[in-house]
């Protein structure tokens, strides 16, 4: 899983590329550490090139979402392919994370 | 006007004690904030200040003769708590009485001082000292500070009085005084009404909770409060546990509240309607989860997936088809391209388990 993080006038633009599963979840968690800091973060995660997420990925997105909410910020995930979206839907995570 | 020697002496004492005043101010402020948090009280404002030299000079010019030493001036450190509701002033004053030593001879409840036909400044002023238990320096306990407590509307009134110069020595015309007094009466009435309405809402919520807890669901109309009370009974827990066993999954406890709008869109009128949906469709909701989750290895699910699947199977059984699901997703997440794709996918899954 490749991750790019850019700050665009205060909005944090994140781009994900590849598969997120047990083999790279720890590395991914380290990579997103900068997103766990700062007040009122505004995070936009582009999932166009995200191929798959496992439960480990869901847990990390959940942890990030909780952290963002605790800091009175907002987070959206966008452009998921149908396979990734299905994972969020059937686990009920679409009810927790804003997906557009 | 220049201060006389006595005034200058008090001013010197004030300057020497500024570090002590700051220590008292911050201790009082921190202790009050902690106390409010511990008691779950949210206030409109907690503010504190040390009287400026300019302000003290003005006071000494006008009535310096009243004070023997600077310790006779009780409002050099001033703290103010502004509550949202007027009845919270009494709750907070009770806490303040436990926290600090109150100088009752010099404290005043201006709410009780007004005559029955007069309206105006209403605030509770306590003159306090820090008790020894809260001080590392015993000298701090000698110095008194003023703590004002009032509601947000009483605060509005006090600020308006101040800004209009109503209390200054300059006489203002009777018609303006009368207008201000009329306004004070309105604010007092509004304060009372806010407190009354809040009490009625709290009573209503308690009634709803007991009605829901009694299990007479058909008598409980569906609204945000009743749905919340119903959810507190954890009615979908058994279904959630059953779905979780599919992949031995961890259950994440999210709120089912977003489904309130969906249930209203589905035409549910009472909590009894939801209960019937749960009893009649839990097996189908589980079957849908089984076909979706089995073999995926996904070992975390959200609690709300129960209500999600219950709503889906109910809509499909009622014959609303993919269009009904699209409307459900729109009510949950807003209009989106995902909604039609997802509805189509679920419809295909439902066909496999003979739901449609």
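The numbers here are math on the coordinates, done by the rules we state, and not lab data. In this text, all values refer to a predicted model and were calculated from it rather than measured experimentally. With ideal geometry, Cβ positions are generated from the backbone for all residues, glycine too; neighbour counts draw on all protein chains shown.
Side notes on the structure shown:
- Residues that are touching a strand residue (DSSP E or B) at 6+ places or on another chain (Cβ under 9 Å) and more than 12 Å from chain B (Cβ to nearest Cβ) were ranked within region A:68-100; the one that is nearest to residue B:347 (Cα to Cα) is A:75.
- Residue within region B:160-176 that is assigned to a helix (DSSP H, G or I), in contact (Cβ under 8 Å) with a residue 24 or more places away in the chain and either within 23 Å of the chain's Cα centre (by Cα) or under 21 Å from residue B:110 (Cα atoms) (or both) present: yes
- Options B:272, B:215; residue that is more than 21 Å from the chain's Cα centre (by Cα) and at positive phi: B:215
- Residue count for region B:225-264, restricted to those that are within 11 Å of chain A (Cβ to nearest Cβ), part of a helix (DSSP H, G or I) and touching a residue at least 60 places away in the same chain (Cβ under 8 Å): 4
- Selection status of residue A:13, part of a strand (DSSP E or B), buried (at least 19 other Cβ atoms within 10 Å of the Cβ), more than 14 Å from chain B (Cβ to nearest Cβ) and under 13 Å from the mean Cα position of the chain (by Cα): no
- Being more than 24 Å from residue B:249 (Cα to Cα), more than 14 Å from chain B (Cβ to nearest Cβ) and either loosely packed, with under 15 Cβ neighbours inside 10 Å or out of contact with any helix residue (DSSP H, G or I) (no Cβ under 6 Å at 6 or more places or on another chain) (or both) is a property that does not hold for residue A:51.
- Among the candidates B:302, B:289, B:294, residue that is touching a strand residue (DSSP E or B) at 6+ places or on another chain (Cβ under 6 Å) and within 11 Å of chain A (Cβ to nearest Cβ): B:302
- Checked against the criterion of being touching a helix residue (DSSP H, G or I) at 6+ places or on another chain (Cβ under 9 Å) and part of a helix (DSSP H, G or I), the candidates A:83, A:29 yield just one match: A:29.
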